[in-house]
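Notes to accompany the following structure.
The values are calculated or read from the model by the stated rules, or taken from the named source; none is laboratory data. Please read all numbers here as calculations on a predicted model, not as lab measurements. Note that we place each Cβ from the backbone using ideal geometry, even for glycine, and neighbour counts take in every protein chain shown. Ligands, DNA and RNA are excluded from the accessible area calculation, which covers all protein heavy atoms including side chains. Shrake-Rupley method; radii C 1.70, N 1.55, O 1.52, S 1.80 Å.
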Amino acid sequence: MKYHVGEKVIVNGYERYEGFIEEVDKDSWLPYFVRIPTANKSYWVAEDSIVPVEPSDDKIQPSDFTHAVPAPPKESDPVNHPTHYTQGDVECIDAIKAATESLNGYEGFLAGNCMKYIWRFKKKNGKEDLEKAEWYLKKLMEAEDVHD
């Protein structure tokens with residue numbers, strides 16, 4: 001294979017996309033899985049659609065990019081990494097931990113549950129999750145009234 005995992009490349013498309021090879025499948029007609037960090041996207045591409053990054057690449061002209069295929073969705077791990085609790089590279093539990101570290105146990109529990117239901121509502125139970133988030137938010141507001 002001409003390119004290797006970790007190598008920086010430019011994907012020639014309607015725009016110039018700089019990225020890196022994240023995976024190689026030598027048996028595929030689109031053998032290179034290229035991550036484009038600035039566009040927050042990844043594509044399987046053909047070898048003739050990419051060039052290595054070199055200092056003089058400012059003059060590369062975009063060409064018709066007909067070989068791009070969106071990255072396949074990651075397989076769900078319903079126990080350790082459910083898809084409805086992941087947004088981009090951030091998992092809900094990590095966001096909750098950061099947001100509630102200064103709260104006491106009960107307040108942290110209520111705030112965390114509120115965040116959880118808001119986080120997942122579009123991917124799981126829709127309005128029902130928003131209603132659950134509201135229920136926990138009301139409980140949190142009641143707890144705050146007791147402390148004031």
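Checking the cross-link pairs Lys8/Lys116; Lys8/Lys123; Lys97/Lys124 against a 26 Å limit on the alpha carbon distance flags Lys8/Lys116; Lys8/Lys123 as lying beyond it. Peptides 122-134, 105-117 ranked from most to least packed by the mean count of surrounding Cβ atoms within 10 Å: 105-117, 122-134.
In Å², what does the accessible area per residue of the stretch 100-140 work out to with a 1.4 Å probe? Please report the intermediate quantities before stating the final value.
Values: 2650 Å² over 41 residues.
Spelled out: the 1.4 Å probe surface of the stretch 100-140, per residue, equals 65 Å².
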